[in-house]
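Read the figures in this text as sums done on the coordinates, not as results from a lab. This one's a predicted model, so the numbers in the text were calculated from it and none came from an experiment. In this analysis, Cβ positions are derived from the backbone assuming ideal geometry, glycine residues included, and neighbour counts consider all displayed protein chains.
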Amino acid sequence: MTVLAIQYSIPLQKKSTMDFQWYEWVLLPLLIFFARIADQTVGSLRLIFLARGMKLWVPILGFFEVIIWLLAVGQIIGDLTNFVAIFAYGAGFAAGNFIGMVIDDKLSIGTVIVRVVPKKDVTELIAHLTSQNFGLTIMDAEGARGPVKIIFSIIKRKDLRTFLDSVHQFNPNAFYTVEDVRAVSDGVFRSRPKRSVFAFNSRLSK
């Protein structure tokens, strides 16, 4: 009975060693990678919300960011010789920054100011933007090559693509700039028509 116990103890010890190496070189780096993605994505969104004056979300996101960061860093400090885990930490940081920017672009949160200096007559452009319910302020100015018009508009970020498409359509070579706005007290903003449920059902019945 004693001999049998010794014979079976050797393969069990080898199996536990293999499991430990698999965790150290595969599972642990993956956990660090995804934790770093989550941490950096939350951190990127926190900075974006801070720049746009969304003060309520900043401390909430900061709370979760620090907790996830501590969990990831704790695993790295425990074994600085694991180069796979260190690589996963850096890769997660880079991926988290990218994902944070993509999410910000998809959410399109906030307000921007657009300044347009057209290169030709602006009558059609102004008429089209006005018909799209954009609030405009038009000023006469003096440019490097003579008198010009400057069109100012403060719009929701989600409407920026529609606004710029109109500029490219009616004034392809126009010069424009876009900047973030932290706060707006009042103004004319584009309103989106609300879709009626009854209208949707009537289209389905046709």
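Return the distance in nm (one decimal) between the two label points of a simple spin-label model at residue 130 and residue 56, each offset 7 Å from Cα along Cα→Cβ.
So the two model labels end up 3.7 nm from each other.
Under a Cβ-Cβ cut-off of 14 Å, what is the net charge of the residues other than residue 46 that fall near it, where Lys and Arg count +1 and Asp and Glu count -1?
It works out to a net charge of -1.
Using a cut-off of 9 Å between beta-carbons, work out the net charge of the residues near residue 108 (Lys and Arg +1, Asp and Glu -1, residue 108 not included).
Summing Lys and Arg as +1 and Asp and Glu as -1 gives +2.
Could you give me the percent of Cα pairs per 10 Å distance bin for the range 52-93, shortest bin first, beginning at zero and ending with the bin that holds the maximum distance?
25, 39, 24, 11, 1
Three principal axis extents, largest first, for the C-alpha atoms of the range 111-181, in Å?
34, 24, 18
I need the calculated FRET efficiency for the pair residue 148 and residue 84, taking r as the beta carbon distance and R₀ as 35 Å, to the nearest 0.05.
0.05
Which of the trypsin sites (Lys or Arg not before Pro) across the range 93-157 are loop residues per DSSP, with 13 or fewer other Cβ within 10 Å?
Here the trypsin sites (Lys or Arg not before Pro) that fit, given the DSSP loop and packing criteria, are 119, 120, 145.
What's the FRET efficiency of residue 177 with residue 95 using the Cβ-Cβ distance as r and R₀ = 35 Å, to the nearest 0.05?
That pair, residue 177 with residue 95, gives E of 0.70.
What is the set of long-range amide H partners of residue 175 at a cut-off below 5 Å, with H atoms built 1.01 Å from backbone N?
For residue 175, the qualifying residues are 117, 119.
Provide the gained length on full extension for the span residue 119 to residue 71, in nm with one decimal, where the gain is 0.36 nm per separating residue minus the Cα-Cα distance.
Between residue 119 and residue 71, full extension yields an extra 11.8 nm.
Once you list every other residue whose beta carbon is under 13 Å from the beta carbon of residue 93, what net charge do they have if Lys and Arg are +1 and Asp and Glu are -1?
-1
Quick one: if you stick a label point 7 Å off each Cα along the C-beta vector at residue 137 and residue 21, how many nm between them?
6.9
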